[in-house]
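Data block below; observations after.
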Amino acid sequence: FLDDGIMARAINMGLCEKQRDTPVLKDIYPAARLKNDMATGVSLGMTGLAYNKKMFTEKGWAAPTSWMDLADPKYKGKVVFQSMPSSTFGLHGFLMFNRIQGGTDKNVEPGFKAWANTIGPNVLEYIPSSAKISEMVQTGEAALFPLTPTAVAGLKAKGIPVEYAQPKEGSVVLMVAQCVIAKNSEPELAQKLAEFLLSPLAQANVLQFGDQIPTNPKAPVVGNGVEQVKLINGYMKNAITVDWDAINEQRPGWNSRWNKTIER
């Protein structure tokens, strides 16, 4: 089980074997079928924007609607951004900004060139992971930051005043994926487990007991899960998937450039 971007690397390294063509594969979201079914998504998420609801209310600010809100001067010193080399959230946020600037997943020159005069001046701190966000929201340091709806729901459950906002340009699909390990000692059982974990029964339990969003829309949902799934399905309408092969090939160079020019 790996995040989708790391799973793409595992597939390219020959660590996975193709999952069997079973009816359940046709049920899951197309985006959850990775690289010729060498892996599949078992829980669904996306990176969008989250904001400090308490601060926004106190200042009379409207909820954010665009990735470019991170560059709005009124948030100067109030944006918290995850470090691209260590965080998928930070990578996703940068890639969406890069797209708005005219770049692609293969060409990030526009994003790097524009950062210093747009989002850069607003960033209070680049953090290695999202673990520090709850503290920075409570202390009033953080107003706006990339995050997933699931992570936002987790913070809200702890009483942290945050809300999720789907950018008009789209969020970035972020999944936990599974793959059957190549040449494993129990190939039949491994395939059966992978198939089961995509079934409506297993996917319903993932939602009910783990607060993870199913990748199988046939999974029955109850209670709070009904609203969660409804929201995610809405967000999926303009969510985008990135080219992980292109990204992973170039990422070491991007990380070095990020460290030298942005987090220097």
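The values are calculated or read from the model by the stated rules, or taken from the named source; none is laboratory data. No experiment lies behind these values; they were computed from the predicted model shown. Please note: Cβ atoms are built from the backbone with ideal geometry, for glycine as well, and neighbour counts cover all protein chains shown. When the accessible area is computed, the model is the full protein with side chains, heavy atoms only, and any ligands, DNA or RNA have been set aside. Shrake-Rupley method; radii C 1.70, N 1.55, O 1.52, S 1.80 Å.
In table form, for the structure just shown:
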item	result
ASP105 being of a type outside the set (A, V, I, L, M, F, W, C), closer than 27 Å to ASP243 by Cβ and in contact with a Phe, Trp or Tyr (Cβ under 8 Å, 6 or more places away or on another chain)	no
Residue within segment 105-115 that is closer than 15 Å to LEU49 by Cα and within 20 Å of the chain's Cα centre (by Cα) present	no
Whichever residue in segment 1-38 is without any contact (Cβ under 8 Å) to a residue 12 or more places away in the chain and over 13 Å from the mean Cα position of the chain (by Cα) and, among such residues, is surrounded by the most Cβ atoms within 10 Å (Cβ to Cβ)	ARG33
Residue, farthest from THR104 (Cα to Cα), within segment 119-138, restricted to residues that are outside any strand (DSSP E or B), out of contact with any helix residue (DSSP H, G or I) (no Cβ under 7 Å at 6 or more places or on another chain) and open to solvent by 30 Å² or more (accessible area, probe 1.4 Å)	GLN138
Residue ranges of helices (runs of 4 or more DSSP H) in segment 39-118 with at least 1 members β-branched (Val, Ile, Thr), in contact (Cβ under 8 Å) with a residue 60 or more places away in the chain and more than 30 Å from GLU17 (Cβ to Cβ)	88-100
Subset tally (residues that are under 20 Å from PRO220 (Cα atoms), touching a Gly at 6+ places or on another chain (Cβ under 8 Å) and acidic (Asp, Glu)) for segment 3-31	0
Test result for THR215, of a type in the set (Ser, Thr, Tyr) and within 20 Å of GLY45 (Cα to Cα)	yes
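Condition check ((1) under 19 Å from THR150 (Cα atoms); (2) in contact with a Lys or Arg (Cβ under 9 Å, 6 or more places away or on another chain); (3) without any contact (Cβ under 8 Å) to a residue 12 or more places away in the chain) across all residues:
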{"site": "GLN191", "(1), (2), (3)": "no, yes, no"}
{"site": "LEU207", "(1), (2), (3)": "yes, no, no"}
{"site": "GLN212", "(1), (2), (3)": "yes, no, no"}
{"site": "ASN216", "(1), (2), (3)": "yes, no, no"}
{"site": "ASN224", "(1), (2), (3)": "yes, no, yes"}
